[in-house]
Structures are given as C-alpha cells and as structure tokens.
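Step one of this worksheet: look at the structure below.
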Amino acid sequence: MATMDGDFWVFGYGSLMWRPGFEFLESALAWVHGYHRSLCVFSHVHRGTRERPGLVLGLDYGGSCLGVAFRVAGAAREETVAYLRARELVTSVYIERNVGLRFAEGGSARALAFIVDRAHEQYAGRLSIDEMTRLVEGGVGASGDNPSYVRNTHEHLQQLDIHDPALAEIVRRLSAPTASLAESA
C-alpha cells in the first residue's frame, strides 16, 4: 500500500466514504488509532442551520476508527486538498491532520484526515441517543436532510461490514413510526 511518485492518502470515516467528491487511484479499508467516529458536530451548514442544527460525524479523540483510505495521485494533490478544505473547513470545526493508517489487509501509511476541534462552538461532545436522534430528525442544510446523511452513512458502513451501534440505533429510531402516527392508526 505504499504510495508512488508523491501519491497520498485521504482517510474517510463518514460521508467521504460514500461521496468522496475527488478522483482517486484506489481505496482500501484502514484503521486510524487514537480517534473514533462520533456524531459529535453540530451542523450549521451542510445538514442543519445555526437556528436548527443537525448533527454530523467527527473523528474525535480516543479509541480507533475503521474507515476508507483513498490513494490520490500526487499530481492531483493541490486540487484534492483545496476541494477537501472547501468541503470540510466551512466553519473550521475540523482540524486538518496527517494521521497514521493501518490497512485492514496489512501495511501502513500516513493520511490526510479531518479531526474535530473540541474547542470549537460546534463540538457537541457526547450526547445521549435520544438527543442525537432529535437533532438528526430536524436537521436540513445546504447538502440535504440530516436523516438521509445518517442513513446513507449507516448503509455504507454495513456494506463494508463496519458496525457502529450508535448509528444503527439512530437509524432504527428514525425508521420507527412516531407515537402520534401510531395513535392515529
């Protein structure tokens, strides 16, 4: 999994896994240690607004995260990094980092990743499943509705055989009939 001629890796743990938005040469399952996937970012742009925030994933400190690493041609570095910065740093809630990867099939590399900034006002921290579900249900932003984001991410994680119990529970709750609908039936 070594890079050639200046190629570099980008690590995706959320929507980058299923909608990278940049050209890549290959992708591979990879672990990042020292960080975990978490619905810990209030979305004020992509999946919510400042008045009615949604909730999106962040790579938060502690644990480990299985995601997708993308190898990008060195010649596309400037264009790809500019695209990722425009996408991920809209409100500066993420910090650009070079992290170590361990590929699921063996080997290691360094990768560009975006880590949540715990000091940022949009950092939600650890929320209850009830609160996460409430925020996701009501979030709509420039990139669409928050429930679709969570469902798409969960579906793609399942396709990759990556288990995320919190996302699975939120998807289950989003799919369950509401009490008011059940009462009127």
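The values are calculated or read from the model by the stated rules, or taken from the named source; none is laboratory data. Predicted, not measured: the structure shown is a model, and the values here were computed from it. Because the Cβ atoms are built from the backbone with ideal geometry, glycine has one as well, and the counts that use them run over all protein chains shown. Surface accessibility is based on the protein's heavy atoms, side chains included, excluding ligands, DNA and RNA. Shrake-Rupley method; radii C 1.70, N 1.55, O 1.52, S 1.80 Å.
Brief remarks follow.
- Shape class for the range 1-84: oblate, because the ratio a/c of the largest to smallest gyration tensor axis (alpha-carbon atoms, square roots of eigenvalues) is 1.5 or more and b/c is at least a/b.
- The angle between the Cα long axis of helix 77-88 and the main principal axis of the chain comes to about 20°, on a 0 to 90 degree scale.
- 0 to 90° range, to nearest 10: angle between helix 146-159 axis and the chain longest Cα axis: 50 degrees
- Longest DSSP-loop-exposure-free segment, GluC sites (Glu not before Pro), the chain, at most 16 other Cβ within 10 Å: 122-185
- Base-10 log of normalised Debye intensity for the chain (one unit scatterer per alpha-carbon) at q = 0.10, 0.19 Å⁻¹: -0.40, -1.33
- Between 0 and 90°, nearest 10: helix 129-138 axis offset from the chain longest Cα axis: 90 degrees
- 1.4 Å probe accessible area per residue over the chain, in Å²: 50 Å²
- Accessible-area composition of the chain, carbon plus sulfur, in percent [1.4 Å probe]: 51 percent
- Think of it as helices only: each DSSP H run of n ≥ 4 in the chain is worth -39500 (n - 2.57), and spread over all residues that comes to -9000 deg cm²/dmol at 222 nm.
- Sites matching trypsin sites (Lys or Arg not before Pro) across the range 95-140 that sit in DSSP coil, with at most 13 neighbouring C-beta atoms within 10 Å: Arg118, Arg126
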